[in-house]
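Scroll down for the structure; my scribbles are underneath it.
Every number here is computed from the coordinates shown, using simple stated rules; none is lab data. Since this is a predicted model, take the numbers as computed values, not measurements. Quick reminder, even Gly has a Cβ in these numbers, built from the backbone with ideal geometry, and neighbours come from all protein chains shown.
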Amino acid sequence: MEQLSEQKLLELYNDTLDKCGAFLLDEDDETIGYNIYEEFDIGVFSYFHVDSLLRLHESGLISTVKFNESNLLRRIVIDLQSNSEWDIGHFRTSDKWREVMRLCDRLKSLS
């Protein structure tokens, strides 16, 4: 299996970030479900893995701050996946989901 280039990995990392944020609070459940439970979920698992983040950081494509906050985001999402808040009913009301959205929006604003 061929390894992704750092540029392609960065593109997939950014695409993952684009699937989550406070903007989703204004969307319907179907849009939230698709973005979070299909696209974002897969991206965080793959492109926010520490090995992927290290490659992006070591190649200079993400800063140390972005590396650390991306790693934190992944840990929070993995925690959410293992508890009862991993559903659309909690997406709009959970403090953990609010933190995920805040981190995504912050990461998108960092260079």
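Please find, in a Gaussian network model of the chain (springs between Cα atoms separated by less than 10 Å), the residue of SER52, SER82, SER94 whose mean-square fluctuation is greatest.
SER82
Loop only per DSSP, at most 10 neighbouring Cβ atoms within 10 Å: give me the GluC sites (Glu not before Pro) in the range 1-98, ordered by residue number.
GLU2
Take the alpha carbon atoms of the range 1-47, find their center, do the same for the range 49-111, and report the distance between the two centers in whole angstrom.
Distance between centres, Cα-based: 11 Å.
Starting from the Cα gyration tensor of the range 63-111, take the square roots of the eigenvalues, sort them a ≥ b ≥ c, and report rounded, prolate or oblate (rounded when a/c is under 1.5, otherwise prolate if a/b is larger than b/c, else oblate).
Note, shape of the range 63-111 comes out oblate.
By counting other Cβ atoms within 10 Å of each Cβ, how are SER111, SER59 ranked from fewest to most?
Ascending Cβ contact count within 10 Å gives the list SER111, SER59.
On full extension of the chain, what length is gained from LEU25 through ILE42, given 0.36 nm per residue of separation minus the C-alpha to C-alpha distance?
Details: separation 17, 0.36 × 17 = 6.12 nm, distance 2.03 nm.
Here the segment from LEU25 to ILE42 would lengthen by 4.1 nm.
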